[in-house]
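Visitor: Mind looking over this structure? Questions follow.
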Amino acid sequence: MAAAPQHRLYSSHVRGRLVAIIAAGAIGLAACSAGSTNHAAHSSTTSAPARTTTTVATTTSTPSATDLAVTDAIRSQLVAAGAALNSLSPSDYTGLRPGETYYAYDAATQTYWASAGLSPSPSSMPAQVAAQDDGAYLLFLRPQGGAWKAYDVGLAGTAEGSACPVTVPAPVLSLWGWIPGSCRPTTIS
């Protein structure tokens, strides 16, 4: 009969240590989560003598750049802005080169971004000259409620060209699959 009470004493002694360890862990978790005031996630810790429950809600981030469809109206606006960059008429161009147009909105800067190559009209020598070298590819930006501004970036960032004339936001570069710090796709020639 003496063995049974020792077993019960040993069992309650181990159980007491286990409860103390769990309680210490719960206090540690509560202390860690109480110090965080800058996060969107909500933490709460409750403890009972023998168990601890921690609930953490997760948040998802919304990308600041959104890919947009290029409508006929946007195409016309980009051709007009590109023509104005070269002091030419939009009629000096037949449109945008196929497969080279990107268009996005960056909510963080409240700016629309686009890039494209213009197709010069065969009857416009000035447009054909303007669409070479640095003018072979254009980057456009339009602040919300503003007008499009075009930049020559055909050679920007290459050994033959200059630095990018404007900094494209990282979320836009990522959305378009462009190299960080660049201002044109690597696929254009």
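Visitor: Within 10 Å, Cβ to Cβ, of A116, how many net charges do the neighbouring residues add up to if Lys/Arg are +1 and Asp/Glu are -1?
Guide: +1
Visitor: Kindly state, to the nearest 0.05, the FRET efficiency for S123 paired with A84, given R0 = 22 Å and r defined as their beta-carbon distance. Intermediate results must be reported in sequence, preceding the final value.
Guide: On the way: r = 19 Å, r/R0 = 0.88.
After rounding, the FRET efficiency stands at 0.70.
Visitor: Same structure again: Estimate the FRET efficiency between S182 and T66 by the formula 1/(1 + (r/R0)^6), using the beta-carbon distance for r and 22 Å for R0, to the nearest 0.05. Each step should come with its number before you reach the end.
Guide: Working: r = 20 Å, r/R0 = 0.90.
For R0 = 22 Å, the calculated efficiency reads 0.65.
Visitor: In whole angstrom, how far apart do the alpha carbon centroids of the stretch 72-100 and the stretch 115-189 sit?
Guide: So the separation of the two Cα centres works out to 13 Å.
Visitor: Add +1 for every Lys or Arg and -1 for every Asp or Glu among the other residues with Cβ under 12 Å from the Cβ of G154, and state the total.
Guide: Value of the local net charge: -3.
Visitor: With a ≥ b ≥ c taken as the square roots of the eigenvalues of the C-alpha gyration tensor of the stretch 65-176, please select rounded if a/c is under 1.5 and otherwise prolate if a/b is larger than b/c or oblate if it is not?
Guide: Oblate, because a/c is 1.5 or more while a/b does not exceed b/c.
FYI, it's all coordinate maths here, none of it is from the lab. Values in this document were obtained by computation on a predicted structure and should not be read as measured data. Glycine gets a Cβ as well: all are built from the backbone with ideal geometry, and neighbour counts include every protein chain shown.
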